[in-house]
1. Using only the alpha-carbon atoms of the protein assembly as shown as identical scatterers, what base-10 log of I(q)/I(0) does the Debye formula give at q = 0.08 Å⁻¹?
2. Let me know the longest stretch in chain B that avoids all GluC sites (Glu not before Pro) found in a DSSP loop with at most 13 other C-beta atoms within 10 Å.
3. Compute the FRET efficiency between residue A:37 and residue B:325 as 1/(1 + (r/R0)^6), taking r as their Cβ-Cβ distance and R0 = 45 Å, and round to the nearest 0.05.
4. In whole angstrom, how far apart do the alpha carbon centroids of segment A:263-329 and segment A:16-87 sit?
5. For chain A, which longest stretch is free of loop sites, where a loop site is one of the GluC sites (Glu not before Pro) that DSSP puts outside H, G, I, E and B and that has at most 15 other Cβ atoms within 10 Å?
6. To the nearest 10 Å², what's residue A:397's accessible area with a 1.4 Å probe?
7. Based solely on its DSSP helices, what 222 nm [θ] is calculated for chain A when runs of n ≥ 4 H residues each add -39,500 (n - 2.57) and the sum is averaged over all residues, nearest 500 deg cm²/dmol?
8. Keeping the other protein chains in place, figure out the carbon and sulfur percent of the accessible area of segment B:1-154, with a 1.4 Å probe.
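The values are calculated or read from the model by the stated rules, or taken from the named source; none is laboratory data. Just so it is clear, the model here is predicted, and its values are computed rather than measured. Glycine also receives a Cβ, built like all others from the backbone with ideal geometry; neighbour counts cover every protein chain displayed. SASA here: full protein model, heavy atoms, side chains in, ligands and nucleic acids out. Shrake-Rupley method; radii C 1.70, N 1.55, O 1.52, S 1.80 Å.
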Amino acid sequence: MELRYTPEEIAFREELRRTFREKIPAEIRRKVSEGRHLDREDIATAHRILHAEGLATPNWPVEWGGKDWSPVQRYIYIEEVQANAVPMPLSFNVAMVGPVIANFGSEAQKQRFLPPTASLDIWWAQGFSEPGAGSDLAGLKTTAKREGDHYILNGQKTWTTLGQYADWIFVLARTNPAAEKKQKGISFILVDMKSPGVTVRPIITIDGAHEVNEVFFDEVKVPVENLIGEENKGWDYAKFLLSNERNNIARVGFSKEKLARVKERAKETPAGEGTLWDDADFRRRVAIAEIELKALEITQMRAVAAQRHRAADKPDPTSSILKIKGSEIQQMATELMVTVAGPYAVPMPSHSHNEPPVGPDWAEAAAPLFFNYRKVSIYGGSNEIQRNIIAKAFLGL
Amino acid sequence: MDFDLTEEQRLLKESVDRLMAGAYGDFEKRRGYQEEAKGYSPKLWAQYAEMGLLGLPFPEAQGGFGGGPLETMIVMEAVGRGLAVEPYLTSVVIGGGLLRLAGRDDLIGELVGGEATFALATTERQSRDDLFDVATTARRSGEGWVLDGAKSVVLYGESADHLIVSARTAGQRRDRDGISLFLVPGDARGVSRRGYPTQDGLRAAEIQLESVQLPAGALLGAEGGGLPLLEQVVDIALAALCAEAVGAMEALHELTLDYLKQRKQFGVTIGSFQAVQHRAADMLVALEQARSMTIYAAMMAENPDPAARRPAIAAAKALVNRSAELIGKEAIQLHGGIAMTMEYKAGHYFKRLSMLINQFGDTDRHLRVVAEAGGLEPAA
């Protein structure tokens, strides 16, 4: 048993660190570190730099620009992206639709879509959730009806993250409403957002941000060549897509980075005769978060190390454990930052460039990030769904 | 980064698990051991010796088997699962650990062979878990020493052949310097011992030391330098306790799951209720987090730098404590009335876990250690 990395792995990590710190603009990294919203340009800039460095799509097949990395190297990569406050390359492209096309797409689809997906010349959105299909995703109602060489799409998707910037959207739609099991009648279809009948409407979340959208499909004509794999097999591809998220589900690097900022800022925040860091109760809260995070980090490392032993289809409760604990700790970290900001968490940020922030510059982003991060225990299979998975698939209840 | 057991470690685990299954598989046997004079079975202890478990954590040069904290972790997990009552922690991990750290190879032989047991006598009426709070005194007398004082809640102190006693050779009651460790034969003149059972089925003793005369060789380690040794061995013991807790939590979780799949109410198994399922899932999350921190503790237990070791071990115990609390209480609740009976095993796991939480410092104390150290260093 060995917790430490090998010298080669440490060298690999240092190389990544150097690249991230040298190549990604400091201003973008500062925004990520403070938990501010990134605009379209920030995300695209960071993504394209990573792509130019060969670091946007490491989990893709090598022939399509992926890396032949070990599970440990993949883990180090994700850790370092997050720990250095680098925006993750757009997950809809690199973690979701890219691997699905690479694994289940036709040769023509690969040629057409993979290069621009890797380089972000196509910006993808995810069309899964619907107003009536959240945790019960298979209950989705959007339909795709075959008419000659086209599907006709009708329905509504929601929580479409960054859909306002998207060029294309990958959609789960019902192609066989009569299927015996509702999972069996779903297809995975690629849709050009410029198609007539596609409407995007913003949803403003409680942090005041425009991050998610509703997307409406009204008699949208989609060529049949945009179907991925086989008709009515879309659920399998969706499950494959969601399982790819496993390596990043705990977001240990994110929480480490946030807790490091919490400590740093607490040390410069006046309180009583000294600073907030002198407050034993505050430090105790930080200690609890750091201890939980250390345990999670090792749980994650155990999962990474176990990848070389385990058959991919064997039930494994670890990703659910990582999701539950990972989201709880991310929420603890963002909550601690609100505590550090204290009274300066309260004012709404000014959008005028003439007015300086009321408190320390970073403090105005603390409350919105805390508000925004209530999402992490809801999305990606809510924590209650994760508990169901553990109970049914692993505990045999 | 590697979490696999070596071939030797795997074999060790198999043989310890087999020993425990044989010795404790029938829970009635545990009651039998407890009724023996020492509170455990000398026969079973001899089996530990035969299997080499008593020599596990000592270098081969000292007559041991060259194991370390990972091997101790494997044994202690099995101890936890079995709810074993043998004094492995106090005699081998702590007693033996002190002998090893102090370089007392001369005494390791009788420990390894099972001829002698050791008990750690540090707690005093006022000290709680402050190892440096020592009112017991040792003064020089000729070539040797004379000890006076009292020690409290000494695990297996009544039956131990040797007591390892902390006593003050200089300074004031709560000074960190001036504490020395002494090996005191259990039957030495001036030692009186009153043994009693503990809540979790073990044995402990109150010990009086009245003008106990000891030879020069009774001093363990350097005069006045006992505290760093004690702190190091207690960190090793804490890592071992984490492992014991993981073993007990794992077994208790399994026991609970079995019950949830059998017990029927309203015509269905109670494990089919979502309110129950989610709590069982949370127990698993707590168990796996504890397992991770126990591995971390084992990796850090022999780190000679207290500034790195102490917060790491404290973090592990704090997290394991929180998991043990959750799993212990939830196991009782999910079982319902049956777990309230002395006859059923679940309550005994709960009691051991509840007492273990307070052994060598409760959650608050360990959180304070981490907080005061300014947090945790990155793992890799």
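1. Ignoring solvent entirely, the Cα scatterers give -0.76.
2. Numbers: sites that count: B:115, B:143, B:343.
That would be B:144-342.
3. 0.70
4. 22
5. The longest uninterrupted stretch comes out as A:54-179.
6. 40
7. Mean residue ellipticity at 222 nm (helix-derived): -13000 deg cm²/dmol.
8. Heavy-atom surface of segment B:1-154 belonging to carbon and sulfur, 1.4 Å probe: 50 percent.
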